[in-house]
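S.K.: Have a look at this one.
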Amino acid sequence: MTNEYYIENDKKYIANTYKRQNVVLARGKGSTAYDVDGKKYIDFTSGIGVNSLGYCNENWVSAVCAQAQTMQHTSNIFYSVPDVLLAEKLCKATGYSKVFFANSGAEANEGAIKVARKYGTDNKGKDCVNIITLKNSFHGRTIASLEATGQDVFHKNFYPFTGGFRYVPINDTAALEKAFDNTVCAVMIELVQGEGGVVAADKDFVKFVYNFCKEKDILFIVDEVQTGVGRTGTLLTSRQFGVIPDITTLAKGLAGGLPIGAVLMNEKTGGVLGFSDHGSTFGGNPVSCAGAYAVLGELLDKGVLEDVSAKGDYFRKELMAIPAVEDISGLGMMIGITLNDKYKAADIAAKCAENGLLVLTAKTKIRFLPPLNITKEEIDEGLSIFKNVLG
Ligand SMILES: *Cc1c(COP(=O)(O)O)cnc(C)c1O
């Protein structure tokens, strides 16, 4: 079967919700992928920041296969080994005291929203349910996480929502103060807006939000679904902003390519949800947890995390030398590239794929989210294709 067969039948049988590149990926190793016809691609996408160790990292594969051969699932009415091991490692490495495991970023944010509303109503009465989020944010596609997402383009056609969200522009402290009243239980933000175009929040703004939440006794929630797990050079990006949120959500890169979401909670929030307040059939799946444990092992114990900042700097230095590149945003290996406006990001991404390089877009920018263990050779090979495409 050729690429064309799969593309045709994808269009025929799979709901048409994705604007896909013209590529049928079949296998990969490290940061190099191959399509069904055997064509090679350097991959600067890691899915969308999911394959944090690239394709088929050996230790990750062993851990996942071993768990699949031992026990693939059990209900959350029983304890299970991989969940406990992962939870302990994750809490110790991040400084959080408890975690709830979900299956995706949207679900992790739903969990955070539930904690915030219960915290508000437990402590401040039944009307304390509103959450302030940022304009241009992205928090997921479920109805509540979609409503939390401060972008009208995603909202249209999906009303009615449940209510309970207020939006303020990023870095606008006055708007935040104005949006606050006694019915607000939390502020939820991304530190670098990913889908919004790789837009980093100002450090001063983030510190302001942190102090504001503390002062008002409301929860500070940081959505690190995209920025977390080493993506920006530290395990959590909040450390680089000098804040410790009451809740951090993780997903994308956490299990290295398997579905997982995590709601990390501190002393204040860890006890808010009690028996039967929340749950998930698949949450804490043993195979996903074993994969995540292996990812943390590679990042923290095998030195992968140490090199992320330097690799990000190298990308930025090389990119700045390309005449078509006007500006670079983001942090570490979360890279947004503004091209000269004679280029259209979507066209460049398609042209890159034709030439053997996989890249993402974010709004009008090109976005790179390479595997965290990408080699210098793979970076150079990919960047040389990128340069050629830009002429
Ligand atoms: C991708 C993303 C989500 C949604 O994650 P899903 O796993 O697709 O539900 C939420 N928040 C941020 C910041 C994201 O980048």
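S.K.: Whether any residue in the range 153-161 is surrounded by fewer than 16 Cβ atoms within 10 Å (Cβ to Cβ), under 21 Å from D181 (Cβ atoms) and in contact (Cβ under 8 Å) with a residue 12 or more places away in the chain is what I want to check. Spell out the reasoning first.
M.R.: Step one: list which residues in the range 153-161 are surrounded by fewer than 16 Cβ atoms within 10 Å (Cβ to Cβ), which gives 153, 155-161.
Checking the rest, the ones that are also under 21 Å from D181 (Cβ atoms) come to 161.
Keeping just the survivors that are in contact (Cβ under 8 Å) with a residue 12 or more places away in the chain gives 161.
Checking the range 153-161: at least one residue is surrounded by fewer than 16 Cβ atoms within 10 Å (Cβ to Cβ), under 21 Å from D181 (Cβ atoms) and in contact (Cβ under 8 Å) with a residue 12 or more places away in the chain.
S.K.: Output the residues belonging to the range 134-152 that are near the ligand (Cβ under 7 Å from one of its atoms), under 20 Å from L176 (Cβ atoms) and open to solvent by less than 10 Å² (accessible area, probe 1.4 Å).
M.R.: Initially, the range 134-152 is screened for residues near the ligand (Cβ under 7 Å from one of its atoms), giving 138-141, 145.
With under 20 Å from L176 (Cβ atoms) added as a condition, the list becomes 138-139.
Scanning the range 134-152 gives a single hit, H139.
S.K.: Going by the conditions given, is L134 within 23 Å of G261 (Cα to Cα) and touching a residue at least 40 places away in the same chain (Cβ under 8 Å)? Walk me through how you get there before you give the answer.
M.R.: Working: within 23 Å of G261 (Cα to Cα): yes; touching a residue at least 40 places away in the same chain (Cβ under 8 Å): yes.
So L134 passes the test.
S.K.: Turning to a different aspect of this structure: Name the single residue, out of those in the range 81-111 being buried (at least 22 other Cβ atoms within 10 Å of the Cβ) and farther than 19 Å from V295 by Cα, that is nearest to the ligand (Cβ to nearest atom).
M.R.: Filtering the range 81-111 for residues that are buried (at least 22 other Cβ atoms within 10 Å of the Cβ) and farther than 19 Å from V295 by Cα, the one nearest to the ligand (Cβ to nearest atom) comes out as A106.
S.K.: Further question on the same structure: Which numbered condition trips up N59, out of (1) over 18 Å from the mean Cα position of the chain (by Cα); (2) within 16 Å of the ligand (Cβ to nearest atom); (3) surrounded by fewer than 22 Cβ atoms within 10 Å (Cβ to Cβ)?
M.R.: Of everything listed in (1) over 18 Å from the mean Cα position of the chain (by Cα); (2) within 16 Å of the ligand (Cβ to nearest atom); (3) surrounded by fewer than 22 Cβ atoms within 10 Å (Cβ to Cβ), N59 misses just condition (2).
S.K.: Go through the range 171-182 and give me each residue that's surrounded by 14 or more Cβ atoms within 10 Å (Cβ to Cβ) and part of a loop (DSSP other than H, G, I, E, B). Don't jump to the end; show me each part of the working.
M.R.: Quick first cut of the range 171-182, residues surrounded by 14 or more Cβ atoms within 10 Å (Cβ to Cβ) only: 171-173, 175-176, 179-180.
Listed by number, the residues that qualify are N171, D172, F180.
S.K.: What about E58, is it under 27 Å from A294 (Cβ atoms) and without any contact (Cβ under 8 Å) to a residue 12 or more places away in the chain? Outline the logic, then answer.
M.R.: On the way: under 27 Å from A294 (Cβ atoms): yes; without any contact (Cβ under 8 Å) to a residue 12 or more places away in the chain: yes.
For E58, the condition - under 27 Å from A294 (Cβ atoms) and without any contact (Cβ under 8 Å) to a residue 12 or more places away in the chain - is met.
S.K.: Now for a different question. Determine which single condition A294 fails, assuming it passes every other condition in (1) part of a helix (DSSP H, G or I); (2) open to solvent by 20 Å² or more (accessible area, probe 1.4 Å).
M.R.: Failing condition for A294: (2).
S.K.: Has the range 289-300 got at least one residue that is out of contact with any Ser or Thr (no Cβ under 9 Å at 6 or more places or on another chain), charged (D, E, K, R) and more than 16 Å from the ligand (Cβ to nearest atom)?
M.R.: For the range 289-300, residues out of contact with any Ser or Thr (no Cβ under 9 Å at 6 or more places or on another chain), charged (D, E, K, R) and more than 16 Å from the ligand (Cβ to nearest atom): absent.
S.K.: Let me ask another. Picking from K114, K19, which residue would you name as being free of Cβ contacts under 8 Å to residues at least 12 places away in the same chain, within 16 Å of the ligand (Cβ to nearest atom), open to solvent by 50 Å² or more (accessible area, probe 1.4 Å) and of a type outside the set (A, V, I, L, M)?
M.R.: On the way: K114 fails: free of Cβ contacts under 8 Å to residues at least 12 places away in the same chain.
From the options K114, K19, the qualifying one is K19.
S.K.: For the condition free of Cβ contacts under 8 Å to residues at least 24 places away in the same chain and not aliphatic (A, V, I, L, M), what is the one hit in K317, K311?
M.R.: Details: K311 fails: free of Cβ contacts under 8 Å to residues at least 24 places away in the same chain.
Residue meeting the stated conditions: K317.
S.K.: State all residues of the range 148-170 that are in a loop (DSSP other than H, G, I, E, B) and farther than 20 Å from A362 by Cα; if no residue qualifies, say none. Talk me through it step by step, then tell me what you get.
M.R.: First pass over the range 148-170, keeping only residues in a loop (DSSP other than H, G, I, E, B): 149, 151, 156-164, 169-170.
Once the filter is applied, which keeps residues that are in a loop (DSSP other than H, G, I, E, B) and farther than 20 Å from A362 by Cα, the range 148-170 yields N157, F158, Y159, P160, F161, T162, G163, G164.
S.K.: Which of (1) over 19 Å from K363 (Cβ atoms); (2) outside any helix (DSSP H, G or I) is the odd one out, the single condition L134 does not satisfy?
M.R.: Failing condition for L134: (1).
The values are calculated or read from the model by the stated rules, or taken from the named source; none is laboratory data. Given the structure is predicted, the values throughout are model-derived calculations rather than measurements. So basically every Cβ, Gly included, is an ideal-geometry build from the backbone, and we count neighbours across all protein chains shown. Protein only, heavy atoms only, side chains kept; ligands, DNA and RNA dropped before computing areas. Shrake-Rupley method; radii C 1.70, N 1.55, O 1.52, S 1.80 Å.
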